Amino acid sequence: MSLTLPAVVALPVTASAVVLAQQPGNGDNGGQGEDFGKSSPVGFLVLILFLIAVAFLVRSMTKHLKRVPASFDEPAEKAEPAAGEPAEPEAEPVVEKKAAGDTSPAKAD
């Protein structure tokens, strides 16, 4: 199967393509002078600096990744005591009670 354009459409398309494909005749290369496409020493220096920066970033990332734990899951709770062992009671928080006649220095409201 071939795709053909009607003559009404094909003529303007081919004519504009020929005009756009021509190089200017006045010696202007469209900004592509003698040094077009050549890099400068400054560009090479910037490239080397970027490569050094990437090397340091990779080194730092590797150090940080070594410190990451294998799993972020919470550690397993204490295992249940065996049948013959006594269970350890949990310590209750100590609450200090103030005596009724206690005159310790306290903030006055």
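The values are calculated or read from the model by the stated rules, or taken from the named source; none is laboratory data. Not measured: the values here are computed from a predicted model.
Quick test for you: out of 20, 65, 51, pick the one residue that is assigned to a helix (DSSP H, G or I) and modelled with pLDDT under 90. Unique residue meeting the criteria: 20. Take residue 42 and decide whether it is on the phi < 0 side of the Ramachandran plot and either of a type in the set (Lys, Arg) or at pLDDT 85 or above (or both). Judged against the criteria, residue 42 is a match.
Would you mind stating whether residue 71 is at pLDDT below 85 and among the polar types (S, T, N, Q)? Considered against the rule, which asks whether it is at pLDDT below 85 and among the polar types (S, T, N, Q), residue 71 comes out as no.
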